[in-house]
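Structure first, commentary second.
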């Protein structure tokens, strides 16, 4: 390779930039954190716009699709966008109305029954001779109801001062408002923004890199779209089956538990078990035997969901083997918590799809290996 002054200059600038990044890593990382924090409303707005766009596009395909009236065509975008936002708000309000009242009743029941349950437990220990009389007398003399009220008051007071609470709430409201406004602008002008983005990439990126980048974005969009639609559909089916089964078995908190399981089912693999643990605890406050029945029912329902519902609704559309789903959930949860669990599967699906296509294109596999891949 022939070296000229331009190549040497670019190499020198790159090495100097790398040197600056290494020496000033902490200030640069702090600056990057501040930039990300300042841009957080915009990032949240992009996430909101992407999710709402799925529902809005569905409405646009069914909003007088054959009409040639200019007023209908002009009103299609704002009407469908408003319908999508209203749909999401109604779903959230519906879930809150299902869960919140029964959750409050469960907490009240738990607080009311704990003192009596502790007294019975101590009497049982006394009958078995498991406690010394002095210790038993001290435990029996404790007013557990007042202690619970003191603990609840301490937890409430320990949240923070009123100024910090108000500041946090106000900051959250402002962030949500800016994110919502930004998402509306994105949805209203998504075609224009997409055209500008493609023109910008064409101008400053080489043709080969531009094509690969466009294909990468297409694969990511396809994986995330299928994942969101599939997970939401699977969550609705699982929550409905759970509510119906609990109603037939005459288990308490059927609607609340079904809503909780439907919500937690958005988290792959572990979501259903998290919802089952919450539901079992709620039912346990009413009847331990019914809680055991509920756990048996959830185990059967999870087997039905893992073997029939999930492969048909989500698994076939994602094209990701179960072992990589588990790996994506584990790694994503370890890195970013619950958000990592949510985005880990579509990212892993996109990477798996790109890698599979690249391997099959560059180095064809033997027939036996191809049969194994096709069976997966």
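The values are calculated or read from the model by the stated rules, or taken from the named source; none is laboratory data. Please read these numbers as outputs of a predicted model, since none were measured by experiment. Here the Cβ positions follow ideal geometry from the backbone for every residue, glycine too, while neighbour counts run over all protein chains shown.
Among the residues of region 25-54, write down those that are modelled with pLDDT of 85 or more, over 18 Å from residue 180 (Cβ atoms) and within 21 Å of the chain's Cα centre (by Cα). Matches in region 25-54: none. Listed by first and then second residue, the pairs linking a residue in region 29-44 that is in contact (Cβ under 8 Å) with a residue 40 or more places away in the chain to a residue that is assigned to a helix (DSSP H, G or I) and surrounded by 11 or more Cβ atoms within 10 Å (Cβ to Cβ), with Cβ atoms under 6 Å apart and 6 or more places separating them unless they lie on different chains, are 41/175; 41/178; 41/179; 42/182; 44/179. Taken as a whole, the condition of being touching a residue at least 12 places away in the same chain (Cβ under 8 Å), more than 23 Å from residue 172 (Cα to Cα) and surrounded by 14 or more Cβ atoms within 10 Å (Cβ to Cβ) applies to residue 54.
Within region 222-233, residues that are closer than 14 Å to residue 53 by Cβ reach partners that are assigned to a helix (DSSP H, G or I) and at pLDDT 85 or above with beta carbons closer than 7 Å, at six or more positions or on different chains, in the pairs 224/346; 225/54; 228/51; 228/54; 229/54. Only one entry in 301, 355 is modelled with pLDDT of 70 or more and crowded, with 19+ Cβ neighbours inside 10 Å, namely 301.
I need a count of the residues in region 262-293 that are over 22 Å from residue 334 (Cα atoms), part of a helix (DSSP H, G or I) and either under 23 Å from the mean Cα position of the chain (by Cα) or touching a residue at least 24 places away in the same chain (Cβ under 8 Å) (or both). The number of residues fulfilling the criteria is 8. Applying the set (1) within 20 Å of the chain's Cα centre (by Cα); (2) touching a residue at least 24 places away in the same chain (Cβ under 8 Å); (3) surrounded by 17 or more Cβ atoms within 10 Å (Cβ to Cβ) to residue 253 leaves exactly one unmet item: (1). Taken as a whole, the condition of being at pLDDT 80 or above and assigned to a helix (DSSP H, G or I) does not apply to residue 315. For region 234-248, taking the residues that are surrounded by 20 or more Cβ atoms within 10 Å (Cβ to Cβ) and in contact (Cβ under 8 Å) with a residue 60 or more places away in the chain, the one that is nearest to residue 290 (Cα to Cα) is identified as 238. Of all residues in region 188-205, at least one satisfies being surrounded by 13 or more Cβ atoms within 10 Å (Cβ to Cβ), over 28 Å from residue 76 (Cα atoms) and out of contact with any helix residue (DSSP H, G or I) (no Cβ under 6 Å at 6 or more places or on another chain).
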